[in-house]
Amino acid sequence: MGEATTDPAADQSKDQSTVQSTAPAGAAPLLERRFAWRGRDIAWTAFGSGPPLVMCHGTPWSSWLWEPYARALAAEFTVHLWDLPGYGASSKDPAHDVDLGTQGEAFAALLAHWAGSWTTTHDGTRPAGRPGVRPHVVAHDYGGAVSLRAALLHGARYASLCLVDVVALRPWGSPYFSLVREHADVFTRTPAAVHRGALEAYVRTAAHRPLTDTALRALVAPWSSESGQAAFYRQVAQADERYTAELEPLLGTLDVPTRVLWGEQDAWIPVDRAYRLADALPRADVRLIPHAGHLVQLDAPVALAFELQRWLSAGTGRDPRSHEVTPGHAG
């Protein structure tokens with residue numbers, strides 16, 4: 001397991017050579033870069049121009065959920081997408097821990113690595129290379145605990161934080177999640193077809209609206225190969241509430257403007273967590289998104305885009321009426 005503290009700068013590494021993109025023809029490459037960290041290859045990309053904006057996914061998701069929002073916001077921000085180690089396009093070596101403690105350290109190291117390339121601060125006034133460059137960070141699900149651990153335990157600094165249906169307060173984990181965690185070795189040996197069926201059924205419960213075939217395929221694809229199946233059950237097996245228990249007494253020290261967004265029909269993490277979390281943070285407010293479940297990115301893309309725009313406009317002092325953000329996955 002990861003240590004309680006770390007020096008992100010000590011883990012900085014040069015990017016490895018770019019890899020072939022799987023993005024559609026004509027589209028900007030997605031996660032075509034690699035950051036080497038403690039034997040892991042963390043897949044990431046950045047595009048756009050302006051203040052840095054980092055988007056964090058959760059479990060069992062990948063950066064695919066955030067891609068259309070990233071492309072829409074790239075006109076005004078330098079947007080960073082990445083896959084957690086053990087997820088999506090990042091390496092899935094069975095010897096590597098993927099618990100929340102490790103993920104928080106990895107994120108802090110990745111932020112330190114990116115900071116060297118940022119050319120402007122959150123308010124656009126500081127010259128390149130000067131101290132104080134801080135990104136806006138938006139996090140979903142597990143990404144909430146990851147971003148909070150990076151800030152509270154590993155020294156990461158943010159301009160503002162947006163927490164979307166996040167894992168941050170106990171208890172968390174569905175009955176299915178708990179069952180898999182207790183018997184991960186058995187589930188790993190499940191026939192591929194059975195695994196795929198169970199995984200698809202599980203993923204569907206995260207959405208309030210029916211998922212399109214395209215969305216379902218994209219969400220389960222990283223976990224559908226033999227190595228992906230093992231990685232899926234490995235990350236569930238390493239889920240442990242002690243990593244959020246460490247955060248809870250520290251939340252009151254997070255002096256960052258924070259927006260808490262929540263799907264009103266979230267069946268995975270009840271909406272009361274939104275209010276509990278905002279109460280625990282000194283500079284937080286809550287916005288609920290109607291007709292949306294845990295996968296708010298797919299359930300209510302226009303409403304979520306509007307809320308992200310409001311959050312970023314508040315953080316940068318821009319007029320939210322001056323531009324539009326309209327993301328959308330092809331369905």
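The values are calculated or read from the model by the stated rules, or taken from the named source; none is laboratory data. Only a predicted model underlies this, so the values are computations on that prediction, with no experimental measurement involved. Methodologically, a virtual Cβ is constructed for each residue, glycine included, from the backbone with ideal geometry; neighbour enumeration extends over all protein chains shown. The accessibility values were calculated without ligands, DNA or RNA, using every heavy atom of the protein model including side chains. Shrake-Rupley method; radii C 1.70, N 1.55, O 1.52, S 1.80 Å.
Assorted remarks:
- Spacing of the two label points (7 Å from each Cα toward its C-beta) at V286 and A314, in nm: 1.4
- Two-site label geometry, R276 and R209: point separation in nm, points 7 Å out along Cα→Cβ: 2.9
- Note on W172: accessible area is roughly 20 Å² with a 1.4 Å probe, heavy atoms of protein only.
- Inter-probe distance in nm under a simple model that places probes 7 Å from Cα toward Cβ, at F47 and A75: 1.5
- Taking trypsin sites (Lys or Arg not before Pro) across segment 143-194, the ones in a DSSP loop with at most 11 further Cβ atoms lying within 10 angstrom of their Cβ are R189.
- Extension gain (nm, one decimal) between Y176 and A198, 0.36 nm per residue minus Cα-Cα: 6.9 nm
- Area accessible to solvent at F187, 1.4 Å probe radius, in Å²: 40
- Where trypsin sites (Lys or Arg not before Pro) fall in DSSP loop in segment 30-107, at most 13 other Cβ within 10 Å: none
- D213 contributes an accessible area of around 110 Å² to the protein surface, as traced by a 1.4 Å probe with all chains present.
- Relative contact order of segment 38-120: 35 percent, from C-alpha pairs under 8 Å at least 6 residues apart in sequence.
- Applying 1/(1 + (r/R0)^6) with R0 = 30 Å to the Cβ-Cβ distance of S224 and D185 gives a FRET efficiency near 0.95.
- Within the accessible area of segment 170-251 (1.4 Å probe), percent carbon and sulfur: 58
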